[in-house]
1. Considering only the range A:271-279, I want to know if a residue exists there that is under 21 Å from the mean Cα position of the chain (by Cα), in a loop (DSSP other than H, G, I, E, B), of a type in the set (D, E, K, R) and on the phi < 0 side of the Ramachandran plot.
2. Within the range A:146-193, which residues are within 12 Å of chain B (Cβ to nearest Cβ) and hydroxyl-bearing (Ser, Thr, Tyr)?
3. Can you tell me which of A:Gly46, A:Gly111 is of a type outside the set (A, V, I, L, M, F, W, C) and either more than 30 Å from A:Arg192 (Cβ to Cβ) or free of Cβ contacts under 8 Å to residues at least 40 places away in the same chain (or both)?
4. Go over the candidates B:Ala269, B:Ala287 one by one and state the one that is buried (at least 21 other Cβ atoms within 10 Å of the Cβ) and either farther than 15 Å from B:Ala215 by Cα or of a type in the set (Phe, Trp, Tyr) (or both).
5. From B:Val38, B:Val44, grab the single residue that is within 21 Å of the chain's Cα centre (by Cα), over 21 Å from B:Leu105 (Cβ atoms) and either assigned to a loop (DSSP other than H, G, I, E, B) or facing chain A (nearest Cβ under 7 Å) (or both).
6. Which of the strands (runs of 3 or more DSSP E) contained wholly in the range B:189-268 include at least 1 residues that are touching a Cys at 6+ places or on another chain (Cβ under 7 Å), within 30 Å of B:Pro148 (Cβ to Cβ) and in contact (Cβ under 8 Å) with a residue 12 or more places away in the chain?
7. Listed residues A:Ala300, A:Ala289, A:Ala316; which is outside any loop (DSSP other than H, G, I, E, B), out of contact with any helix residue (DSSP H, G or I) (no Cβ under 7 Å at 6 or more places or on another chain) and either within 14 Å of chain B (Cβ to nearest Cβ) or surrounded by 12 or more Cβ atoms within 10 Å (Cβ to Cβ) (or both)?
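The values are calculated or read from the model by the stated rules, or taken from the named source; none is laboratory data. Since the structure is predicted, the reported quantities are computational estimates derived from the model, not experimental observations. Here the Cβ positions follow ideal geometry from the backbone for every residue, glycine too, while neighbour counts run over all protein chains shown.
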Amino acid sequence: MVDGNEEEQLLRDLHRRMVRIRVFEEEAGKLMEQGKIPGALHLYVGEEAVAAGVIAHLSAEDQITSTHRGHGHLVAKGGDFRLMYAELFGKAAGYCKGKGGSMHIADLDLGMLGANGIVGGGPPIAIGAAFSNKYRGTQHVTCCFFGDGASNEGTFHEAANMAALFKLPVIFVCENNGFGEFTRQDRHQAVRDIADRAAGYGMPGVIVDGMDVLAVHEAAGEAIARARRGEGPTLLECKTYRFFDHVGVRGMGVVYREDSEVLEWRKRDPITLFESHLADAGVMSADAAAAVWLEVRSEAQDAITFAEQAPYPASAALLEDVYATPV
Amino acid sequence: MTTTAQRTRTTSYVNAILEAQRQLLTADPNVFLCGEDVALYGGVFGTSRGLMAEFGPQRVVDTPISESGIVGMAIGAAATGLRPVVEIMFMDFVGVCMDQIVNQLAKMRYMFGGKATLPVTIRTMAGGGRNMAAQHSQSLEAWFCHVPGLKVVMPSNPYDAKGLLVAAVRDDDPVLVIDNKMQLGMQGEVPEDLYEVPLGKARVVREGTNFTIVATSRMVQEALAAAEQLGADGLNVEVVDPRTLQPLDIETIATSVRKTHRALVAHEAVRFGGIGGEIVAQIQEEAFDYLDAPVGRVGAPFSPVPFSPALEALYVPNRDTIVTEVRRILGKQV
């Protein structure tokens, strides 16, 4: 049990992680629409409770693997806004020297093993990090984020089987946002609950409300503790929703879903829900919450200015970092 | 090279691989082996026989038949400090783990701005000749030479098999080590201690004066036999084994061609789109003014590998195919 102060500190921490993700993503979306950020952005808005609730349990020595929708995971893991925006702009100061961009943003020092442009690319890598944690005799765990779409990729099934077989300290965190790109879940898989698939591999499958950060935090805590005890993997399915489109912002007035559905889910905005809980519990007033938003927005503006002014990579960078030992 | 004389003895290609793996496991606690049937069974080709008993199931790991899982496990382990050696039993099986090799393993360092180091070695077995048919006999090295971020090694004898594998495992980049299953019983002199054959360095296997055959893997032996036959034509053939195809030691190859003025590249893979085309292109870039004849290529015909022994014998290039092509280049009727 945590005492009152620690409990309040945790609640504030979860709130701040979610606000940082929301602000980072909304600003990134604006910059993409203004044509300032090149390429494609897959934004995490609506799903903040999942990354925040899970990653709040982790240290830098615990790893995560991420997805094409990966900014939220890195923000939650403690990502630096300046290095993140610089990467999205393709600048040399970015996390990956501007060579990865949104879909490959990573910070290995934080244990963030990379966003991934390939749906289902992450699970095999996650079990490798977990294997390494066990091999090196540590108590560290690896959290593997993936979506409902990736749960149809063979890589997920191979990794799930191997993780359970080897009792690896990995948590498969399925962010079921109801859509594989623009295809609704009931049109891409016959199961409704992806957690059901856990039984096929001999691991627990847990379903949690992915809009409720405390519920995610609690369920993830049990799965992570189990993994740290050496009892093997868990499949944690978080039912969530993507407020924006698969790529970019829009999200409403689209052919693949009704606006009414989006509005229904937006009534359960994970940050709004949590702020009303915090106010009711007397942990954080509306004014105090607003102050957090203001502070984070200022952090984002500072980082965007930094990124806009930062130089592009020099031409020589094109051929650097292909190999560790130059050929 | 060490300055003290190394103890060597004659042993087989398969024992050279086994010995390299045993010594690498002994020397570096971060090295582990994994793959299908590599542990209890000792590898279907015997390349890890006895190693699980010696090093334990934590370091010599049997996996399910899940090639993407195997390669991914190596990537995640390498990104967090280990030095995995994984076996993909037959090279043909890379078809079910190409994403992990090509999109994850090869690119991660570059995509992450140089911050990921992935010392992964993938060992696999290529080549026809054992009537294993179309899905257990291919030589697919060209696929991987085309992907920046990977290194590709094809040994042609027991000495190189051990030394190149040691160099591959100690290298901080991902390396595919492609052995040829017909060479596993080949005998040769192999030092007992650990040693490296450096990556990216070709070897002049046979010195000659007026024709160069660049041959890879098993085709080196075939090229040497062809060279003997061609002596009757008044040719003094030089045979160059690139040993590493990516990075390619074009300088050693071009130096040979500048001396001999005529060349041919021989590999077992399908000729069309094979690495031979790349080597030929680089020869004409580096040594065009020295060439007295078009540079030839020997490779398999454009079909899947057939099962029937009668057809497979026609399919896999050999000394006769090489001799015929050399004579054709020189305008001689066979």
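1. Residues of the range A:271-279 under 21 Å from the mean Cα position of the chain (by Cα): A:271-275.
After this cut, where a residue has to be in a loop (DSSP other than H, G, I, E, B) as well, the list is none.
Scanning the range A:271-279, I find no residue that is under 21 Å from the mean Cα position of the chain (by Cα), in a loop (DSSP other than H, G, I, E, B), of a type in the set (D, E, K, R) and on the phi < 0 side of the Ramachandran plot, so the answer is no.
2. If the condition is that a residue be within 12 Å of chain B (Cβ to nearest Cβ) and hydroxyl-bearing (Ser, Thr, Tyr), then A:Thr155 is the only one that fits.
3. Numbers: A:Gly46 fails: either more than 30 Å from A:Arg192 (Cβ to Cβ) or free of Cβ contacts under 8 Å to residues at least 40 places away in the same chain (or both).
Of the residues listed, the single one that is of a type outside the set (A, V, I, L, M, F, W, C) and either more than 30 Å from A:Arg192 (Cβ to Cβ) or free of Cβ contacts under 8 Å to residues at least 40 places away in the same chain (or both) is A:Gly111.
4. Values: B:Ala269 fails: either farther than 15 Å from B:Ala215 by Cα or of a type in the set (Phe, Trp, Tyr) (or both).
Step by step, each of B:Ala269, B:Ala287 is checked, and only B:Ala287 is buried (at least 21 other Cβ atoms within 10 Å of the Cβ) and either farther than 15 Å from B:Ala215 by Cα or of a type in the set (Phe, Trp, Tyr) (or both).
5. On the way: B:Val38 fails: over 21 Å from B:Leu105 (Cβ atoms).
Result: B:Val44 is the single residue among B:Val38, B:Val44 that is within 21 Å of the chain's Cα centre (by Cα), over 21 Å from B:Leu105 (Cβ atoms) and either assigned to a loop (DSSP other than H, G, I, E, B) or facing chain A (nearest Cβ under 7 Å) (or both).
6. Values: elements: B:203-206, B:211-215, B:237-241, B:244-246.
Answer list for the range B:189-268: B:244-246.
7. Numbers: A:Ala300 fails: out of contact with any helix residue (DSSP H, G or I) (no Cβ under 7 Å at 6 or more places or on another chain); A:Ala289 fails: out of contact with any helix residue (DSSP H, G or I) (no Cβ under 7 Å at 6 or more places or on another chain).
Of the residues listed, the single one that is outside any loop (DSSP other than H, G, I, E, B), out of contact with any helix residue (DSSP H, G or I) (no Cβ under 7 Å at 6 or more places or on another chain) and either within 14 Å of chain B (Cβ to nearest Cβ) or surrounded by 12 or more Cβ atoms within 10 Å (Cβ to Cβ) (or both) is A:Ala316.
So that you can scan it fast, the table gives a plain yes or no per residue for (1) at pLDDT 95 or above; (2) assigned to a helix (DSSP H, G or I); (3) surrounded by 22 or more Cβ atoms within 10 Å (Cβ to Cβ):
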| residue | (1), (2), (3) |
| --- | --- |
| B:Ile101 | yes, yes, yes |
| B:Lys115 | yes, no, no |
| B:Pro119 | yes, no, yes |
| B:Ile122 | yes, no, yes |
| B:Asn131 | yes, no, no |
| B:Gln135 | yes, no, no |
| B:Ser139 | yes, no, yes |
